[in-house]
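The values are calculated or read from the model by the stated rules, or taken from the named source; none is laboratory data. Remember, predicted model here, so these are calculated numbers, not experimental data. For neighbour counting, all protein chains shown are included, and Cβ atoms are generated from backbone atoms with ideal geometry for every residue, glycine included.
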Amino acid sequence: GAVVSQHPSWVICKSGTSVKIECRSLDFQATTMFWYRQFPKQSLMLMATSNEGSKATYEQGVEKDKFLINHASLTLSTLTVTSAHPEDSSFYICSPGGEQYFGPGTRLTVT
Amino acid sequence: AQSVTQLGSHVSVSEGALVLLRCNYSSSVPPYLFWYVQYPNQGLQLLLKYTTGATLVKGINGFEAEFKKSETSFHLTKPSAHMSDAAEYFCAVSGPLSNFGNEKLTFGTGTRLTIIP
């Protein structure tokens with residue numbers, strides 16, 4: 001089946017710093033990328049949707065200037081958490097194309 | 001707007017017993033329905049999905065789910081639980097495919113399944 005990778009799988013950063021998360025679809029191309037976050041013991045919540053080469057569309061309540069999404073190619077998308085704070089600590093999951101494929105997730109811990 | 005309700009945040013069953021995880025949905029358009037499994041520190045894995053047609057959907061690992069429009073339900077079942085089934089299960093709903101061929105998902109809050117030896 002299709003393979004989706006995320007890097008890093010786990011990152012710890014200090015408050016105020018920025019973190020970049022990469023999502024790659026290794027054997028297929030995806031025009032649309034979905035980014036979710038999952039707080040402990042909660043469900044996945046959609047953060048934003050991006051189409052390759054276009055600006056991302058953010059869900060209500062998600063700060064577009066804080067969560068920067070780049071979808072420059074059909075196999076790579078990045079999510080940058082800028083000026084991270086402890087409340088941003090979460091599990092971030094990408095989904096290239098949606099529905100069928102999800103990345104293994106990146107656990108972000110902000111201290 | 002769409003929503004999903006999963007009844008029971010925790011379900012425990014004995015090994016070999018029937019597994020039943022409940023999911024009810026709300027959707028203003030004909031729904032596409034999904035069940036996912038998530039093992040600790042891993043991403044989601046699609047178990048099965050319903051789009052159109054046959055209302056009883058068979059998935060991987062022996063799971064199946066039945067779409068009941070009159071009850072707005074999409075419960076997940078497995079006749080005989082195995083220890084390896086212990087995980088978190090999420091029900092999700094989406095609308096019909098958008099022009100891009102995909103649609104965003106709305107997830108339920110999840111049900112943690114524990115298997116008792």
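Points to keep in mind about this one:
- For A:L79, the test of being away from chain B (no Cβ under 14 Å) and touching a residue at least 24 places away in the same chain (Cβ under 8 Å) is passed.
- Flag for A:T78 being in contact with a strand residue (DSSP E or B) (Cβ under 6 Å, 6 or more places away or on another chain), surrounded by 13 or more Cβ atoms within 10 Å (Cβ to Cβ) and over 22 Å from B:C91 (Cβ atoms): yes
- Of all residues in region A:40-51, none satisfies being farther than 29 Å from B:T109 by Cβ and out of contact with any Lys or Arg (no Cβ under 6 Å at 6 or more places or on another chain).
- Within region A:1-30, being modelled with pLDDT of 85 or more and β-branched (V, I, T) holds for A:V4, A:V11, A:I12, A:T17, A:V19, A:I21.
- Taking the criterion of being under 12 Å from the mean Cα position of the chain (by Cα) and without any contact (Cβ under 8 Å) to a residue 24 or more places away in the chain, the residues of region B:61-76 that qualify are B:E64, B:E66.
- Here region B:9-44 is the region considered, the condition is being small (G, A, S) and away from chain A (no Cβ under 14 Å), and the residue that is surrounded by the most Cβ atoms within 10 Å (Cβ to Cβ) is B:S27.
- Test for B:E66: is it surrounded by fewer than 21 Cβ atoms within 10 Å (Cβ to Cβ), assigned to a strand (DSSP E or B) and of a type in the set (D, E): yes
- Taken over region A:24-39, the criterion of being touching a Leu at 6+ places or on another chain (Cβ under 7 Å) and buried (at least 17 other Cβ atoms within 10 Å of the Cβ) is satisfied by A:R24, A:A30, A:F34, A:W35, A:Y36, A:Q38.
- Flag if B:I60 is within 19 Å of B:G16 (Cα to Cα) and exposed (fewer than 15 other Cβ atoms within 10 Å of the Cβ): yes
- Checking A:S5, A:S9, A:S25 one by one, the residue that is touching a residue at least 60 places away in the same chain (Cβ under 8 Å) and away from chain B (no Cβ under 12 Å) is A:S25 and no other.
- Among the residues listed as B:L33, B:L20, the single one being under 15 Å from the mean Cα position of the chain (by Cα), assigned to a strand (DSSP E or B) and modelled with pLDDT of 95 or more: B:L20
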